[in-house]
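Structure, as structure tokens:
The values are calculated or read from the model by the stated rules, or taken from the named source; none is laboratory data. This is a predicted model, so every value here is computed, not measured. Heads up, the Cβs are rebuilt from the backbone with ideal geometry, glycines too, and the neighbour counts pull from every protein chain shown. Ligands, DNA and RNA are stripped out before the accessible areas are found, and what is left, the full protein with its side chains, is counted by its heavy atoms. Shrake-Rupley method; radii C 1.70, N 1.55, O 1.52, S 1.80 Å.
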Amino acid sequence: MVKGYLAALLLLALSSFSLAKESAKRPEVKKVQTLSRGWGDSLEWAQTYEESLSKSRSSNKPLLVINHRDDCPHSQALKKAFAEHKGIQKLAEKFILLNVVHDPTDKNLVLDGMYVPKLVFVDPSMVVRADLPGKYSNHRYTYEPADIDLLYGNMQKALKLLKTEL
């Protein structure tokens, strides 16, 4: 009888070890990618450029287009700074937001060339705000994490220009 209990106990121990080993092998479930792509999960993001232009016009909010790449270290660094900046995240609620990982089809967004990351403001009247650049002369609409306060300032200017010009 004791041998039966020992055999059952051994069988129970081996099966629990086997189950624990199986659960450790299961692949981690990936998070579902949202339209924010990590730029601000609590913010509302448009899906397409056309949709964002329409929302901008109907809501009379400026549009912020963020062109980036998932495999670009500069884009990833700026995304982290953008997502962690509490002021930007709060101010972004007053914008129609779009982030894209492909080159723009609207030639007005090309401005000074094709590069990433590139952040461009567009008025509800569909005017690209070329007068709100970053600080670099070779890529006027790019920002680095160290420039996050300049981006915040340009977001404030975009809202101020909206009130004075429209």
Whole-Hz Karplus couplings 3J(HN,Hα) for the stretch 83-100, θ = phi - 60° and coefficients 6.51, -1.76, 1.60, Gly and Pro as x, run 5, 8, 7, 4, x, 5, 4, 6, 5, 4, 5, 8, 10, 8, 10, 9, 10, 10
Taking only protein heavy atoms and a 1.4 Å probe, the highest-to-lowest accessible-area order of 71, 147, 112, 131 is 71, 131, 112, 147
One checks the Cα atoms of the stretch 46-98 and finds Rg and Dmax, in Å, of 12.3, 35
Simple SL model, points at 7 angstrom along Cα→Cβ for residue 48 and residue 160; separation in nm is 3.6 nm
The stretch 59-160: Kirkwood hydrodynamic radius (Cα pairs, Å) comes out at 13.6 Å
